[in-house]
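One structure below.
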Amino acid sequence: MARRAGADTYPARLRKSAHRARIALRKSGVDYFRGDGSDWIALAGLLLTIPAITCATLFNAVWCSPAALVLPIVAGGLLLRPASLLGLYATAATALIVESLALGPYGDGPARVTPGIVLVVAACGFFGLVLAQFRARVGVPWRRGGTMLFDLRERIRVQSALPRLPQGWHREMALRPAGGQSFSGDFVVAARTNGGRTLEAVLTDVSGKGMDAGSRALLLSGAFGGLLGSLPPHGFLPAANGYLLRQDWDEGFATSIHLVLDLESGDYELLSAGHPPALQLHSGSGQWEEMAAEGPLLGVYDGAQFDAVKGSLAPGDVLMLFTDGLVEASDRDLAEGIDRLTGEADRYVATGFEGAAWHLIEACAKDVNDDRALLLLSRRS
């Protein structure tokens with residue numbers, strides 16, 4: 001009874017009320033940042049700026065032009081929902097009318113409300129309303145939209161990171177999206193399996209390019225990363241093919257090449273799904289060899305078979321996997337592109353191919369309007 005009486009005292013109730021208010025305020029702030037909460041705080045602040053701007057314009061129209069009303073309108077287009085935005089626009093229109101009546105006809109002198117100012121304010125309001133309606137339809141507020149795109153891009157980069165290899169091996173991966181964009185339809189997933197003895201790497205080229213293929217590449221990179229290492233090597237491409245078929249995309253095919261490399265012996269297998277051949281440099285002869293495996297595109301038909309080609313990397317050998325954007329273009333075919341790539345790669349034999357992946361893309365396909373990716377593995381002498 002004494003404990004209950006102590007809990008019902010006025011200071012205790014006051015502390016509970018303050019705690020609930022603090023929790024509610026913090027939750028409201030988090031929801032507003034995420035775009036889930038009400039925008040009344042932003043609306044109230046912008047509504048207060050309109051009379052302040054109006055008073056400053058009436059006091060000194062030379063230094064505070066009537067066109068300054070576009071500032072809360074632009075901010076409202078970024079912060080507010082469409083319904084709240086209409087209220088802000090009505091207030092701004094009223095302020096513009098008041099300024100026009102108070103300052104007099106625009107023919108009487110400078111710093112008046114001219115038709116051009118009205119058109120500028122109206123145009124800013126129109127574009128702000130279009131942006132607000134688009135955000136409301138997509139469901140991504142401006143405060144989180146840029147962060148979400150940045151997070152998606154970083155996820156693709158993290159998933160494309162190559163694992164560390166034991167001493168005696170060197171690996172590089174370079175990716176350049178079409179048109180200088182941040183999103184690409186090319187991606188790599190890689191993992192060390194079999195107790196770390198085996199390196200499995202999959203280079204995939206999703207149909208399309210740039211941001212059009214970026215969303216599909218993000219989905220596939222996550223799915224392929226989950227399949228890699230969870231299935232026997234010869235079961236990966238059939239499982240990936242089935243996954244694409246289940247998506248039922250209008251433009252849902254992809255090419256892929258799967259490398260299974262024994263890091264102790266240097267023996268490897270390549271399985272391809274309609275992908276350009278890999279290139280191996282034999283250090284003994286100094287010649288490049290095309291390693292072409294047979295297999296259809298992913299996502300075309302069920303029950304596809306993928307035949308492996310086997311090889312071995314001796315000390316000093318190099319293996320390159322790449323997408324077609326690196327070797328194909330409108331003015332050259334695949335064979336010509338491969339010859340150009342191997343010719344440029346010969347320049348890095350003496351340096352051990354340190355930093356060669358990015359420079360090879362720059363040299364062979366700098367201005368190609370397609371996604372380009374290159375995975376390079378070398379065994380130290």
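The values are calculated or read from the model by the stated rules, or taken from the named source; none is laboratory data. Everything quoted here is computed from the prediction, not taken from an experiment. Methodologically, a virtual Cβ is constructed for each residue, glycine included, from the backbone with ideal geometry; neighbour enumeration extends over all protein chains shown. To get the accessible areas, we keep the full protein, side chains included, count just its heavy atoms, and leave off ligands, DNA and RNA. Shrake-Rupley method; radii C 1.70, N 1.55, O 1.52, S 1.80 Å.
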Subset of segment 359-369 [open to solvent by 40 Å² or more (accessible area, probe 1.4 Å) and either at positive phi or in contact (Cβ under 8 Å) with a residue 60 or more places away in the chain (or both)]: Asn369
Complete set of residues in segment 328-372 that are farther than 27 Å from Gly168 by Cα and assigned to a loop (DSSP other than H, G, I, E, B): Glu328, Ser330, Asp331, Asp333, Lys366, Asp367, Val368, Asn369, Asp370, Asp371
What are the residues in segment 97-111 that are open to solvent by 60 Å² or more (accessible area, probe 1.4 Å) and touching a residue at least 40 places away in the same chain (Cβ under 8 Å), if any? Val98, Ala102, Pro110
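Looking at Asp262, Asp370 in this structure, which one is modelled with pLDDT under 90, closer than 28 Å to Asn241 by Cβ and touching a Lys or Arg at 6+ places or on another chain (Cβ under 9 Å)?
Testing whether each residue is modelled with pLDDT under 90, closer than 28 Å to Asn241 by Cβ and touching a Lys or Arg at 6+ places or on another chain (Cβ under 9 Å) leaves just Asp370.
Which one of Ala240, Ala223 is outside any strand (DSSP E or B), closer than 23 Å to Leu175 by Cβ and either modelled with pLDDT of 90 or more or over 20 Å from the mean Cα position of the chain (by Cα) (or both)?
Ala240
With respect to Ser265, is the statement that it is among the hydroxyl-bearing types (Ser, Thr, Tyr), open to solvent by 40 Å² or more (accessible area, probe 1.4 Å) and either part of a helix (DSSP H, G or I) or over 22 Å from Phe322 (Cβ atoms) (or both) true? I'd like the intermediate steps shown before the answer.
On the way: among the hydroxyl-bearing types (Ser, Thr, Tyr): yes; open to solvent by 40 Å² or more (accessible area, probe 1.4 Å): yes; either part of a helix (DSSP H, G or I) or over 22 Å from Phe322 (Cβ atoms) (or both): yes.
So Ser265 fits the description; yes.
Give me the residue from segment 13-70 that is hydrophobic (A, V, I, L, M, F, W, C) and in a loop (DSSP other than H, G, I, E, B) and, out of that set, modelled with the lowest pLDDT. Explain how you work it out, then say what you get.
Taking segment 13-70 as the starting set, the residues that turn out to be hydrophobic (A, V, I, L, M, F, W, C) are 14, 18, 21, 23-25, 30, 33, 40-44, 46-48, 50, 52-53, 55-56, 58-59, 61-64, 67-70.
Next, from what is left, pick out any that are in a loop (DSSP other than H, G, I, E, B): 61-64.
Values: Ala61: 79, Val62: 75, Trp63: 82, Cys64: 84.
So the residue we want is Val62.
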Would you pick out the residues in segment 157-174 that are among the aliphatic types (A, V, I, L, M) and modelled with pLDDT of 85 or more? Leu162, Leu165, Met173, Ala174
